[in-house]
1. Go through the residues of the range 77-86 one by one and say whether even a single one is touching a strand residue (DSSP E or B) at 6+ places or on another chain (Cβ under 6 Å) and of a type in the set (S, T, N, Q).
2. Listed residues GLU176, GLU197; which is over 25 Å from SER344 (Cα atoms), assigned to a helix (DSSP H, G or I), out of contact with any His (no Cβ under 9 Å at 6 or more places or on another chain) and not aromatic (Phe, Trp, Tyr)?
3. For the range 184-202, name all the residues that are open to solvent by 40 Å² or more (accessible area, probe 1.4 Å) and either among the small types (Gly, Ala, Ser) or touching a residue at least 60 places away in the same chain (Cβ under 8 Å) (or both).
4. Every residue in the range 107-118 that is open to solvent by 60 Å² or more (accessible area, probe 1.4 Å), touching a helix residue (DSSP H, G or I) at 6+ places or on another chain (Cβ under 8 Å) and under 17 Å from ALA77 (Cα atoms), please.
5. I'd like the full set of residues that are part of a helix (DSSP H, G or I), free of Cβ contacts under 8 Å to residues at least 24 places away in the same chain and surrounded by fewer than 14 Cβ atoms within 10 Å (Cβ to Cβ), limited to the range 46-68.
6. Run LEU72 past the list (1) in a helix (DSSP H, G or I); (2) modelled with pLDDT of 90 or more; (3) within 39 Å of the chain's Cα centre (by Cα); (4) of a type in the set (A, V, I, L, M) and report the number of the one that doesn't hold.
7. What number of residues within the range 166-186 are among the acidic types (Asp, Glu) and modelled with pLDDT under 80?
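The values are calculated or read from the model by the stated rules, or taken from the named source; none is laboratory data. The structure displayed is predicted, hence computed values, not measured ones. Heads up, the Cβs are rebuilt from the backbone with ideal geometry, glycines too, and the neighbour counts pull from every protein chain shown. Ligands, DNA and RNA are excluded from the accessible area calculation, which covers all protein heavy atoms including side chains. Shrake-Rupley method; radii C 1.70, N 1.55, O 1.52, S 1.80 Å.
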Amino acid sequence: MYTYPWYHWITFFYLYCFFGWIFESTYVSLKEHHFVNRGFLRLPMLPLYGTGAVMMLWVSLPVKDNLFLVYLFGVIAATILEYVTGYVMERLFKMKYWDYSNQRFNLHGYICLSSSVAWGFLTIFMTELIHRPIANFVLGLSPVAEFVFLVIVSTLFAADSVKSTKEALELGRALEAMTKLKAEAEEMQVQLALLKEEAALKMAEIRDSAADLKTDAQARMAELKTDAMMKVAEMRTDAQARIAGLKTDASVRVAGLQEEAASKAAGFMSDAVSRAGQIHGEVSQKALELSQHVSALAAQKAQEYEQMEAALTERLRLLKEHRHSLASHMSSYRKRLLTGNPSSSSNRFSEALKELRDSLQL
């Protein structure tokens, strides 16, 4: 592989992973005004820097005598690596561990123009200044010492990578679960609001029905009363007309007619009062039955709505409790992933990520 055997390339990779961690942790710690343990792994290593350095060396070696081509190849190789790594990590872990979205001329937040330009200059700086003493150091190691170093570091690196990947995947799933729980909780709140509105409308409808029944009963009683009074008035008028027409008859005849008219009027009034009383009783009984039915229906509906509201409220409480549990019970490594990557972001799960970060500051 150009001028170095394969095991030297692996040694370079580990060394640049370590130097990259020192650079990143120092830069971010100064920026945040407190120590920040940068990186994806628990070991003091940043694989992106190790991979980037090896790639820069690998693509620049064929053109190492031409600084412009070294710069150009470094820009292209490092930019492609940064974009692919960022894209894959976001798809796997549901979040961006670096985000250039606030930088000008960025592409999906994975790369930006200023970063790519810096990668080119870093390639020249590394190939012309940094790598030479490191290469001399590695080439000066005894094969036994280098192989022992590679076995130990490779074992630790592989174990840390497996564990870190698992934890990062769990963090991504927690973000996804929290977002789904929030959406479900919001849906529950909407259902509660709709249920309360439906219950209020239903109770108002039942009350209006009861009021309409009462109004109908009162109208029917008034109609019966008016009808009876009109019948009595008609009979009195008829009797008075007959009496006036027969004034020329004997006084006995007049008295008889008066007595007969009075008797008929009294009989009609008695019948009218009896009928009115009977109808009043029937209407009252019907109104009472309807009132009882309406009251029972209202009580049944109110109980049903109360049970539905209680079930939705309990479901909403459990959702919020589960979401809070996800936010408050995180492993120490997941907490370090968040604190060690303060610029990380997530387009789909931004609210959940913010909630997790806020929980760490309590």
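1. Yes; the residues of the range 77-86 include at least one that is touching a strand residue (DSSP E or B) at 6+ places or on another chain (Cβ under 6 Å) and of a type in the set (S, T, N, Q).
2. Going through GLU176, GLU197 in turn, the sole match is GLU197.
3. Of everything in the range 184-202, those that are open to solvent by 40 Å² or more (accessible area, probe 1.4 Å) and either among the small types (Gly, Ala, Ser) or touching a residue at least 60 places away in the same chain (Cβ under 8 Å) (or both) turn out to be GLU184, GLN189, GLN191, ALA193, LYS196, GLU198, ALA200, LYS202.
4. LEU107 - this is the single residue of the range 107-118 that is open to solvent by 60 Å² or more (accessible area, probe 1.4 Å), touching a helix residue (DSSP H, G or I) at 6+ places or on another chain (Cβ under 8 Å) and under 17 Å from ALA77 (Cα atoms).
5. Within the range 46-68, PHE68 is the sole residue that qualifies.
6. The one condition LEU72 does not meet is (3).
7. The number of residues fulfilling the criteria is 2.
Okay, residues lined up against (1) at pLDDT 90 or above; (2) β-branched (Val, Ile, Thr):
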position: SER60; (1), (2): no, no
position: ASP65; (1), (2): no, no
position: ILE80; (1), (2): yes, yes
position: TYR83; (1), (2): yes, no
position: PHE93; (1), (2): no, no
position: TRP98; (1), (2): no, no
position: ASN102; (1), (2): no, no
position: ASN106; (1), (2): yes, no
position: ILE111; (1), (2): yes, yes
